[in-house]
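Novice: What follows is a structure written as structure tokens; I'll ask about it next.
The values are calculated or read from the model by the stated rules, or taken from the named source; none is laboratory data. All values derive from a computational prediction rather than experimental measurement. Cβ placement follows ideal geometry from the backbone for every residue including glycine, while neighbour counts extend to all protein chains displayed.
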Amino acid sequence: MKRAIFSLGYSFIVFSFSAIAFAKPFSKNLTKFDYPFTAQAMAFESQGQALQMAYMQLPAKEGKPTVLLLHGKNFASSYWKTTATWLHEQGYGVVIPDQVGFGKSDKPVNYQYSFAALAKNTKLLLSLLELDEVIVTGHSMGGMVASRFALNYPEYTSKLVLINPIGLENYLQYVEYKDIEFFYQNELKKQPENIVSYQKSNYYDGDWNDTYAYHASHLMGWIEGDDWAQLAKVSALTYDMIFTQPVIEEFDKFQVPVTLILGTRDRTGPGRGWKKEGVTRELGRYDKLGTEVKARNNAITVKELDGLGHLPHIEAFSRFIKRYEEALD
């Protein structure tokens, strides 16, 4: 297997909301979208293809562990800036990858996207960086990747921390299956204003500011760019794995300490618009999901953040970091 690392040479700049609103379109690999730390790439082979997986790395102080931060579906790894900065100030090492199909990484359309494949790619990155154990942290869809990583590679995982992960419900128990073409056509119809409207309503309780806009700007720029048809297909492929590859059924099989940090205002429930006939369950009740998870595995620690939504580490970092520090300790 061929492997290599090279620098992409990006640095961070702060966008004002007006700049984001009129930003130029972004290419599929976000070549003009700046990341908070130097972005590098691992060249490797997967499923018979030569691919590049982008990541950022901050070194650990001697004797301190490294934290692996895994992003969600609608985000690039850049949104971990504040969390990664805090971790590094405490002496932790930090590795922040873009999964294949996301951020600055390659986005093949003829790829079998699965949580197992993404976890394997991530393990390869850790091996290349000579890291044999990490604290795994995943947010949103990244929580499903993180869960699969910890289940498949417990020897690499010292602790697992899940921040408002999706996948705490087995969605196909409650919703109709929709094929990839369904999601592809939905993605093609999106406009930049749809991104703002969705995130403002579903993530931030009607609020909107420059920080929130920055974290949405790459999605808006992709829609305006020349690669949107390809990106829409990749997005559809990754939607499919959310519905067809549940991790919640294996939450009783974790071999490492697990902490859930849940903003209880969150109502993220994939598929709630096409529930099966007769299903009355309200999906995405994060104020109740912690209790359900404890019933599956009482060893899992649940830390709730009342009144916060899907992105507690963005919405209220000072509140989030107290719970996260407890999980790390």
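Novice: Is there a residue in the range 300-310 that is under 16 Å from E169 (Cβ atoms) and either modelled with pLDDT under 95 or surrounded by fewer than 13 Cβ atoms within 10 Å (Cβ to Cβ) (or both)?
Specialist: no
Novice: Only residues that are within 27 Å of E325 (Cβ to Cβ) and in contact with a Ser or Thr (Cβ under 8 Å, 6 or more places away or on another chain): list them for the range 103-130, please.
Specialist: Scanning the range 103-130 gives a single hit, G103.
Novice: Right, something else. Go through the residues of the range 162-172 one by one and say whether even a single one is surrounded by 19 or more Cβ atoms within 10 Å (Cβ to Cβ) and either assigned to a strand (DSSP E or B) or at pLDDT below 95 (or both).
Specialist: yes
Novice: In the range 190-210, which residues are part of a helix (DSSP H, G or I) and in contact (Cβ under 8 Å) with a residue 24 or more places away in the chain?
Specialist: If the condition is that a residue be part of a helix (DSSP H, G or I) and in contact (Cβ under 8 Å) with a residue 24 or more places away in the chain, then P192, I195, V196, Q199, N202, D210 are the ones that fit.
Novice: Residues of the range 43-66 being aliphatic (A, V, I, L, M) and surrounded by fewer than 22 Cβ atoms within 10 Å (Cβ to Cβ), which ones?
Specialist: A43, A50, L51, L58, A60
Novice: May I pose another question? Going by the structure shown, is T157 β-branched (V, I, T) and in contact with a strand residue (DSSP E or B) (Cβ under 9 Å, 6 or more places away or on another chain)?
Specialist: yes
Novice: Hey, another quick one. Out of (1) surrounded by fewer than 18 Cβ atoms within 10 Å (Cβ to Cβ); (2) within 24 Å of S114 (Cβ to Cβ), what's the single condition that is false for D205?
Specialist: Of the numbered conditions (1) surrounded by fewer than 18 Cβ atoms within 10 Å (Cβ to Cβ); (2) within 24 Å of S114 (Cβ to Cβ), the odd one out for D205 is (2).
Novice: Of everything in the range 273-322, what is touching a residue at least 12 places away in the same chain (Cβ under 8 Å), over 23 Å from T83 (Cα atoms) and not in a helix (DSSP H, G or I)? Give them in sequence order.
Specialist: The answer is K275, K276, V279, R281, E282, L283, G284, R285, N297, A299.
Novice: Then there's this: When you look at L69, is it at pLDDT 95 or above and in contact with a Phe, Trp or Tyr (Cβ under 6 Å, 6 or more places away or on another chain), yes or no?
Specialist: So L69 fits the description; yes.
Novice: Return the only residue of K189, K200 being over 27 Å from A316 (Cα atoms) and among the basic types (K, R).
Specialist: The match here is K189.
Novice: Still on this structure, I have one more. With respect to T268, is the statement that it is touching a helix residue (DSSP H, G or I) at 6+ places or on another chain (Cβ under 9 Å) and either at pLDDT 95 or above or not in a loop (DSSP other than H, G, I, E, B) (or both) true?
Specialist: In short, yes.
Novice: Considering only residues that are buried (at least 23 other Cβ atoms within 10 Å of the Cβ) and in a helix (DSSP H, G or I), which ones fall in the range 67-81?
Specialist: Of everything in the range 67-81, those that are buried (at least 23 other Cβ atoms within 10 Å of the Cβ) and in a helix (DSSP H, G or I) turn out to be S77, S78, Y79, W80.
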